[in-house]
1. When GLU55 is evaluated against the numbered criteria (1) under 24 Å from VAL101 (Cβ atoms); (2) surrounded by fewer than 10 Cβ atoms within 10 Å (Cβ to Cβ), which criterion, by number, is the only one it fails?
2. Considering every residue within region 67-74, establish whether at least one is closer than 28 Å to HIS2 by Cβ and either in a helix (DSSP H, G or I) or not acidic (Asp, Glu) (or both).
3. Answer yes or no: is there a residue in region 44-53 that is at pLDDT 85 or above, under 17 Å from the mean Cα position of the chain (by Cα) and closer than 15 Å to ILE7 by Cβ.
4. Of the residues that make up region 75-85, is at least one of a type in the set (Asp, Glu), loosely packed, with under 10 Cβ neighbours inside 10 Å and not in a loop (DSSP other than H, G, I, E, B)?
5. List the pairs whose first member sits in region 1-16 and is surrounded by 10 or more Cβ atoms within 10 Å (Cβ to Cβ), whose second member is among the aliphatic types (A, V, I, L, M), and whose Cβ atoms are under 6 Å apart, counting only residues at least 6 apart or on separate chains?
6. Please enumerate the residues belonging to region 57-95 that are under 18 Å from the mean Cα position of the chain (by Cα) and modelled with pLDDT under 85.
7. Out of (1) closer than 27 Å to ASN4 by Cβ; (2) in contact with a Ser or Thr (Cβ under 6 Å, 6 or more places away or on another chain), what's the single condition that is false for SER40?
8. Could you list, in sequence order, all residues of region 38-47 that are in a loop (DSSP other than H, G, I, E, B) and loosely packed, with under 12 Cβ neighbours inside 10 Å?
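The values are calculated or read from the model by the stated rules, or taken from the named source; none is laboratory data. Since this is a predicted model, take the numbers as computed values, not measurements. All Cβ positions, glycine included, derive from the backbone under ideal geometry; neighbour counts span all protein chains shown.
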Amino acid sequence: MHMNESIFPSPTAFLPDRWLGSPKGPSGLRPLSSYMVAFSRGARNCLGLNLAWMELYVGLATIFRRHDLELFETSREDVDFIVDLAKPMPKWGSKGVRVVVK
C-alpha cells in the first residue's frame, strides 16, 4: 500500500509535506493517514511489532512495580461499558480512570 503511486505520489521520495494540511486519499473522502499501515498483517508485517509489545509490557510492569497508585475521583460508573460504537465505551463525560502516583 505504501508503494501505491495513486495513494502516495513519489512513494520512494522523502516528502514530509504530504502530511501537512489534513491531506485526503485518492477518493478524497478518507484522510491520508488511514492508508498508513505500518505494522500490517501476515507474512509482511513489521518485524518490530513484537518488540513494541514487549516494551509496552515492560513499561507498564515497571510503573506498577515501582510506584504506588491510588484511584483519584474514580468510581465504577467511570469504567463500566455503557455504549458500544464499534468499541465499548463508558458513559458520556466520563474522565476514565484517574490515579495519583505516590
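1. Going through the list (1) under 24 Å from VAL101 (Cβ atoms); (2) surrounded by fewer than 10 Cβ atoms within 10 Å (Cβ to Cβ), GLU55 breaks only (2).
2. Filtering region 67-74 for residues closer than 28 Å to HIS2 by Cβ gives none.
No; the residues of region 67-74 include none that is closer than 28 Å to HIS2 by Cβ and either in a helix (DSSP H, G or I) or not acidic (Asp, Glu) (or both).
3. no
4. yes
5. Final answer for the pair search is MET1/VAL37; PRO11/MET3.
6. If the condition is that a residue be under 18 Å from the mean Cα position of the chain (by Cα) and modelled with pLDDT under 85, then LEU85, ALA86, LYS87, PRO88, MET89 are the ones that fit.
7. (2)
8. Applying the first criterion (in a loop (DSSP other than H, G, I, E, B)) to region 38-47 yields 38-41, 45-47.
Within region 38-47, ALA38, PHE39, ARG41, LEU47 meet the criteria.
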